[in-house]
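K.L.:
Handing you this structure, nothing more for now.
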């Protein structure tokens with residue numbers, strides 16, 4: 001089956017009058033995302049903080065131009081879209097058009113990770129409940145069929161002032177290789193995590209809460225490599241951007257143990273307001289580490305804004321007690337050695353290069369098994385079970 005060129009797909013959208021693109025990157029859409037990122041300027045394409053923000057950007061574009069915007073996302077991001085879809089763009093409110101380009105992770109009868117299964121199973125049902133017409137795009141379609149579906153969807157969206165969705169199955173787009181920018185940082189994320197766990201306080205029984213995607217896979221892989229227990233680790237496989245609030249909730253209930261949150265730059269940007277919650281909590285035992293490689297590494301390496309803003313400054317102004325930023329192995333080790341006795345909440349930004357080892361595996365335990373072993377380990381201290 002012939003896959004569809006992201007260039008052809010973009011040209012079909014452009015010819016149909018779509019001039020503005022925004023969204024949150026997805027692995028199934030990465031070829032398309034690579035192409036528009038290299039082709040369009042900042043007035044035409046913005047990688048948004050989260051899916052709701054992307055839709056809001058699209059609304060602004062329509063209000064000022066009358067044109068139909070395109071918002072791209074993984075289907076897991078529909079959760080962030082429900083409120084603005086129903087309270088802003090819906091025909092019973094402002095009746096605003098737009099095209100949702102949705103990567104369909106967890107499609108029924110396809111192999112995928114546990115966190116995608118439920119979302120994949122209900123994706124089309126969710127669109128139907130919200131009254132959003134959709135078309136599923138797959139690799140059985142030829143170029144003319146794809147062009148026609150794009151043209152019809154955009155035309156109907158504009159004439160009916162209605163959101164339309166194009167749901168993309170796995171292997172729809174052919175491969176498009178993005179130009180790689182050389183990083184000025186040498187430290188890898190996996191090496192940083194390795195140093196963190198080696199310098200954590202084993203005797204004090206530090207708790208780890210790790211964000212979605214590659215960081216959790218790397219932490220899991222390193223634990224297995226060293227033959228260490230996984231009971232102290234909660235791997236947040238879904239709900240991008242919520243790991244630090246899970247960590248805060250644990251820290252409040254476990255005040256005598258240090259809770260270390262391994263966060264990502266894309267994740268922290270997605271729900272940036274959580275920083276203010278942590279800072280104002282004054283939770284002394286929370287250690288918030290942001291693994292910042294300036295990219296959405298897990299879904300293709302598309303750029304985030306994390307190198308363009310001062311994350312440490314944001315943390316400082318949000319009330320964190322101690323703030324650090326490092327970009328090399330030597331400085332990281334020094335901080336990890338001395339940081340243990342400092343009062344939290346502590347914020348540590350580690351600036352890293354993009355990329356990962358292709359051999360990195362995925363957790364062999366299920367999310368339910370991870371939760372059960374983690375809670376059992378905590379219950380030995382609190383005796384709440």
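K.L.:
On the given criteria, is residue 338 under 25 Å from residue 225 (Cα atoms), in the same structural domain as residue 248 (by TED's automatic domain parsing), surrounded by fewer than 16 Cβ atoms within 10 Å (Cβ to Cβ) and over 22 Å from the mean Cα position of the chain (by Cα)?
P.N.:
Working: under 25 Å from residue 225 (Cα atoms): no; in the same structural domain as residue 248 (by TED's automatic domain parsing): yes; surrounded by fewer than 16 Cβ atoms within 10 Å (Cβ to Cβ): yes; over 22 Å from the mean Cα position of the chain (by Cα): yes.
For residue 338, the condition - under 25 Å from residue 225 (Cα atoms), in the same structural domain as residue 248 (by TED's automatic domain parsing), surrounded by fewer than 16 Cβ atoms within 10 Å (Cβ to Cβ) and over 22 Å from the mean Cα position of the chain (by Cα) - is not met.
K.L.:
Picking from 96, 102, which residue would you name as being assigned by TED's automatic domain parsing to the domain that holds residue 26, closer than 25 Å to residue 300 by Cβ and buried (at least 22 other Cβ atoms within 10 Å of the Cβ)? Talk me through it step by step, then tell me what you get.
P.N.:
Values: 96 fails: closer than 25 Å to residue 300 by Cβ.
Every option except 102 fails the conditions.
K.L.:
Find the residue count for region 10-27, including only residues that are buried (at least 22 other Cβ atoms within 10 Å of the Cβ) and under 23 Å from residue 106 (Cβ atoms).
P.N.:
Counting residues in region 10-27 that are buried (at least 22 other Cβ atoms within 10 Å of the Cβ) and under 23 Å from residue 106 (Cβ atoms) gives 4.
K.L.:
In addition: Any idea which of 66, 52 is free of Cβ contacts under 8 Å to residues at least 40 places away in the same chain and under 15 Å from the mean Cα position of the chain (by Cα)? It would help to see each step written out before you state the result.
P.N.:
Working: 66 fails: under 15 Å from the mean Cα position of the chain (by Cα).
It is 52.
K.L.:
Now a separate question. Filter region 124-136 down to residues that are touching a residue at least 40 places away in the same chain (Cβ under 8 Å), over 11 Å from residue 100 (Cβ atoms) and under 24 Å from the mean Cα position of the chain (by Cα), then give me how many there are. Talk me through it step by step, then tell me what you get.
P.N.:
Applying the first criterion (touching a residue at least 40 places away in the same chain (Cβ under 8 Å)) to region 124-136 yields 124, 126-127, 130-132.
Filter again for over 11 Å from residue 100 (Cβ atoms), leaving 124, 126, 131.
Subsequent filtering for residues that are under 24 Å from the mean Cα position of the chain (by Cα) retains 124, 126.
Count: 2.
K.L.:
May I pose another question? Please determine whether any residue of region 173-189 is touching a strand residue (DSSP E or B) at 6+ places or on another chain (Cβ under 9 Å), touching a residue at least 40 places away in the same chain (Cβ under 8 Å) and closer than 23 Å to residue 260 by Cα.
P.N.:
yes
K.L.:
Continuing with this model, one more query. In this structure, does residue 150 turn out to be in contact with a helix residue (DSSP H, G or I) (Cβ under 8 Å, 6 or more places away or on another chain) and either part of a helix (DSSP H, G or I) or within 30 Å of residue 333 (Cα to Cα) (or both)? Quick ask: steps written out before the conclusion?
P.N.:
Numbers: in contact with a helix residue (DSSP H, G or I) (Cβ under 8 Å, 6 or more places away or on another chain): yes; either part of a helix (DSSP H, G or I) or within 30 Å of residue 333 (Cα to Cα) (or both): yes.
Judged against the criteria, residue 150 is a match.
K.L.:
Which one of these does residue 291 not meet: (1) more than 24 Å from residue 76 (Cβ to Cβ); (2) modelled with pLDDT of 90 or more?
P.N.:
(1)
K.L.:
Is one or more of the residues making up region 60-81 at pLDDT below 95, surrounded by fewer than 20 Cβ atoms within 10 Å (Cβ to Cβ) and not assigned by TED's automatic domain parsing to the domain that holds residue 361?
P.N.:
yes
The values are calculated or read from the model by the stated rules, or taken from the named source; none is laboratory data. It should be emphasised that the depicted structure is a prediction, and the values quoted were computed from it without experimental measurement. Methodologically, a virtual Cβ is constructed for each residue, glycine included, from the backbone with ideal geometry; neighbour enumeration extends over all protein chains shown.
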